[in-house]
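In what follows, a structure is listed as structure tokens, so that the remarks can point back to it.
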Amino acid sequence: MEVVKTIHELRQRRRIQGLHKTVGVVPTMGDLHAGHLRLIDRCREQCTFTIATVFVNPLQFGPSEDFASYPRALAKDARELERRDVDLLFAPSLEEMYPDGQFEHATVSVPNLCDELCGANRPRHFDGVTTVVIKLFQITQPDFAFFGEKDWQQLTIIQRMTKQLDIPVEVVGVPTCREADGLAMSSRNRYLSPAERGIAPTLFLTLREIAMNLHEGITTYAELEESATEKLRDAGFKPDYVAIRDPSTLKAPASADGPVRVFGAARLGRARLIDNIGVTR
Ligand code: PAF
């Protein structure tokens, strides 16, 4: 596996790959866990050249968020990716990605979807995500790009951006990887104390209970959301939201049948956990 740190070098390598390979990219912020590795495996199944990127993107962190303390483990990540037969790792510096400074940088924004759910609690977060993702697409020029469904809103926004801006990349969503007790894998799970780690699966279990109710035909959305929020609070979380939404518009479901998705975000100690579950009706 080659490790490349500059855009110039990446473009040179990318050109050598030429037109004969199907190129896939897996963008990450590093500190890789089994969820990331599933994205890599999915990419390798579908593509003949796999690029992983590791970059902790300051643009998507709010001023009081965890950019400085976000776990960084590049040497370990590189070993893991090498073992997984990744062809190329792109790990640029901050200066390489934002040479004019992060506050002077052009941004890309997807209206409406960005203000829902996590967007309401993390202003401009998704503009930071779309901006870095479009840069990574421009730099790596992939045919396919792989993102986890755990970040369903992020995935939906990236798919919408790619379509609206006619970017020739197929954005593929990969199902969430969970621990044995249901907790969705996330780099931020590291922030949990042992006691909090014991409580953390309650988020998934609470969303799953709503999902079962919806599956049985219950449509009292507000009541389901409220009682789940209460349950999370009782378990020790500080919930940001529990919301039943249309999977593509991310707004309240327009009808009593058809697919929906249950979303939740809640703080537990230092960690902000998110999760979501799809429901067919
Ligand atoms: O999901 C992530 O890890 C990040 O939001 C992404 C897509 C790598 C952009 O920084």
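The values are calculated or read from the model by the stated rules, or taken from the named source; none is laboratory data. Quick caveat: nothing in here was measured; it's all calculated off a predicted structure. Cβ coordinates were reconstructed from backbone atoms using ideal geometry, including for glycine residues, and neighbour counts include every protein chain displayed. When the accessible area is computed, the model is the full protein with side chains, heavy atoms only, and any ligands, DNA or RNA have been set aside. Shrake-Rupley method; radii C 1.70, N 1.55, O 1.52, S 1.80 Å.
At a glance:
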{"item": "Cross-link pairs Lys21/Lys150; Lys163/Lys251; Lys5/Lys135; Lys5/Lys76 - those with Cα-Cα distance over 22 Å", "result": "Lys21/Lys150"}
{"item": "Mean-position separation - Cα centroids, the stretch 73-114 and the stretch 228-281, in angstrom", "result": "28"}
{"item": "Modelled FRET efficiency - R0 25 Å, Arg270 with Tyr241, Cβ distances, 0.05 increments", "result": "0.85"}
{"item": "Charge dipole (the stretch 95-165, unit charges on Cβ, about Cα centre) - positive-most of His125, Thr156, Thr107", "result": "Thr156"}
{"item": "With DNA, RNA and ligands ignored, accessible area of Arg270 (1.4 Å probe; Å², nearest 10)", "result": "150"}
{"item": "Rounded tilt (10° steps) of 74-83 against the dominant C-alpha axis of the chain", "result": "80"}
{"item": "Rounded accessible area per residue of the stretch 27-115, 1.4 Å, Å²", "result": "48"}
{"item": "Heavy-atom accessible area order for Arg245, Arg208, Arg178, Arg122, largest first, 1.4 Å probe", "result": "Arg208, Arg178, Arg245, Arg122"}
{"item": "Between 0 and 90°, nearest 10: helix 152-164 axis offset from the chain longest Cα axis", "result": "50"}
{"item": "Dipole magnitude of the chain, debye to nearest 20 (Cβ charges: Lys/Arg +1, Asp/Glu -1, about Cα centre)", "result": "500"}
{"item": "For the chain, calculated [θ]222 nm from helices alone, where every DSSP H run of n ≥ 4 adds -39500 (n - 2.57)", "result": "-11500 deg cm²/dmol"}
{"item": "Net charge over other residues, Cβ less than 10 angstrom from the Cβ of Pro253 (K, R count +1; D, E count -1)", "result": "+2"}
{"item": "Fraction of beta bridges assigned by DSSP in the chain that are antiparallel (%, nearest 5)", "result": "45"}
{"item": "Inter-label distance for Ala256 and Glu179, nm, one decimal - labels placed 7 Å from Cα along Cα-to-Cβ", "result": "4.0"}
{"item": "For peptides 95-106, 195-206, 179-190, sequence by mean Cβ density within 10 Å, most packed first", "result": "195-206, 179-190, 95-106"}
